[in-house]
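Quick notes on the structure that follows.
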Amino acid sequence: MQAFHQSIMSGNEQTTSEPRGGTDSLAGTGATSEWQAIYEQSPVMMCLVTGAGRIERMNRAMAAMVGPVDSGGEQGVVSCLNALQLPGGCGAGPQCEKCPLRLAIKSTMESGVSTRQLECVLRLKRDAGWHEVAVSASTARVEVAGGACVLVCLEEVRQRQQLEAQRFQARKMEAIGQLAGWVAHDFNDILSTMIMNLSLLHQSEHLKDEAKEVLEELDQATQRAAGLSRQLLLFGRRQLMQRRRLDLNEVVAGLLMMLRRLAGEQVDVIWKGGGLPLWVEGDRAMLEQVLMNLCLNARDAMPRGGRVSLRGEVITVTIADVQQHHDRLPGAFVRVSFEDTGPGMDPALLQRIFEPFFTTKELGWGTGLGLAAVYGIVKQHQGWIEAHGGLGRGTTFVIYLPEAAPAVKPAASLNPGAAGGGETILVVEDDSPLRELIVFNLERFGYRVLSAGNGPEALRNWEQEGGAIDLLFTDMVMPEGMTGLELVARLRQQKPALKVIISSGYSLDLHHAGAPADESIRFLAKPYKPVALARLVRQCLDEATPTSRR
C-alpha cells in the first residue's frame, strides 16, 4: 500500500485542494502510469489528507462527490473532508467535534493504526444547503515524498442500508405472517366448534322468537370472525387460491364497512356498483385483500382527508385497445376503478409503482410490498392492473378481471346429498370439543364413527378394526409427532384405496409439508358447518376409487 501511494504521488508533490483527475496530471510512465490510471478510474472514492488536515489529492470518484474547484482555486463545496483543519469543523453543527471520520483520520495520522469500514455520514454544502452522504470509510497512513498522509477510501452505503432495511422489514413481515397464520389456525378450531353448536341450536324445535334472533346475530358474528380469519391467513400467505364464481357487487358491499374503517373518518369511500351483477371467477379473500391494500395506499396518500371512489362495470376490450396497450387482452372484462383525490404521482413514479420494495413513503413507514401483492393477485386471476394520474390530479388504479358466467345457485335443501349409509369413518382431531362435535354430527347423519386425538391413537383404532374403515377424516397439524399426511401415508400402505379428507385451519399446511399431487385427498378448510362436512364426506365416499395414486 505504501509503495503504491509513493508511486502515484511521485513527481508532483505540491499541496493543493484541487482534485487532480486524468492520467496527464501525474508524472511517471510504465508501472507508475498504470497505478495512476487505477487510482483515477477506481469506483472507490479516494483522497490523501495531509497532517495539516487538508486534502492533498483526490481521485475522480471523490471529486465527483465533493464537487468542483472554483475560480479562486478553493474547493467550491464546504465538506467534512476539506474542513478538517478548521477548529470548528465544516460548520454543519456540533456533531463536527465528534465526527467519527474526522477522529479516525486524526487517530490514523498520530498512531499509524488503520481504520476499516467505519460507517459514518459526510455532510456537504451545496446550493446553500447541507446534504448528507452515508459512507463506509477506511483510513491508512502512507508515506509520500511530501511527508506522511492519510489515505481515505470511501464507499457510499445508502443503497446497501436501504436493502438491509428492506430485508429486515421482509423478515419482520414474514414473522408477523407466521404468527398470524398460527393465530388463525387455532382461531379456526374455536370457530368450528362455535359454528357447529350454533347449527345444532338452529335445528331445535322449541326456540322462542327472541332466541332465534339472538342465534341469527351470533351466526352473523361467527361469519364475520371467519372472514377475519381468512384475512389473517392471506396476510400470512398461508391460503391457497380457492376459485369460485363471485359477484363483485357483493364482494365490495360486504367489505365496504371495513374499507371505511381502514380509510378513517377523514376519507369518504364511495362505491358505485354496476346495475347488473359483476361476475368473476376468483378467490374472495384475495380480491378483498386487493381492495384493502388499495384503500390503505389511498389513505396514506391523503393524510388531510379526501375521497375514494370505486366503480364497477363490464366492458369489452377490443383488438384496437390491445394494440395501444400491450398488457391488455381482448374480450369481456369486469373493470373496477379505484380513484383517490390525493396529490398524485409523476409519470416516473407511476412506472415503478408495482415494483417489489419500491415505496414513496419514508423509511420505516412502508414496505413496498402492498401494491406488489396487488399486482400479483390480479395476475393470478388472469387479469391486469393499470395506474393513471399525475401531480395534482390524484391516482386511479384500474383492475381488469375476466368476466365469468353467472353462478348457478343450488336448490334449497336442508341436507342435500349428506346422509350416510352406515359407513365407518375414523376422525382424528386433537381439539377435544371440536372432535366430539364432528363425531356427533357425523353420527347424526347416519355414519359409524371412531375417533382419536392423535396419530398413534388413530393407528391403534385402525388395528382394532382390522383396517375396515371406509374414510379417514384427519386434522393436519397434531401432537405426538405425526402429521395428518404422515398418518395417511401409513394407512394407505395397508389400504391404498382408503378415502381421505384432510381438514386444517389453513390450506398451505399441505403445501409446506410437501404433500404429493394426489387428487384423491380432499381438503376441508376450517371453520365449516355440519352440512358442509357431511356433504363432503358423502361426495368423497361416492367417488370412484382411482386405479393408482402417486
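The values are calculated or read from the model by the stated rules, or taken from the named source; none is laboratory data. Because the structure is predicted, anything quoted here is derived from the model rather than measured. So basically every Cβ, Gly included, is an ideal-geometry build from the backbone, and we count neighbours across all protein chains shown.
If you go through segment 313-320 one residue at a time, do you hit one that is in a helix (DSSP H, G or I) and β-branched (Val, Ile, Thr)?
yes
Looking only at segment 272-311, count every residue that is surrounded by fewer than 20 Cβ atoms within 10 Å (Cβ to Cβ), of a type in the set (Gly, Ala, Ser) and at pLDDT 85 or above and tell me the total.
3
So, in segment 144-161, exactly how many residues are more than 20 Å from Lys106 (Cα to Cα) and crowded, with 21+ Cβ neighbours inside 10 Å?
Number of matching residues: 0.
Tell me which residues, restricted to segment 485-502, are of a type in the set (D, E, K, R) and surrounded by fewer than 20 Cβ atoms within 10 Å (Cβ to Cβ).
Across segment 485-502, the qualifying residues are Glu486, Arg490, Arg492, Lys495.
Which pairs turn up if I take residues in segment 269-281 that are farther than 17 Å from Met258 by Cα and look for partners that are among the β-branched types (Val, Ile, Thr) and surrounded by 19 or more Cβ atoms within 10 Å (Cβ to Cβ) with beta carbon separation below 6 Å, at least 6 apart in sequence or on another chain?
What qualifies is Leu278/Val334; Val280/Val334.
For segment 436-448, state whether one or more residues are modelled with pLDDT of 90 or more, crowded, with 16+ Cβ neighbours inside 10 Å, farther than 20 Å from Asp186 by Cα and aliphatic (A, V, I, L, M).
Checking segment 436-448: at least one residue is modelled with pLDDT of 90 or more, crowded, with 16+ Cβ neighbours inside 10 Å, farther than 20 Å from Asp186 by Cα and aliphatic (A, V, I, L, M).
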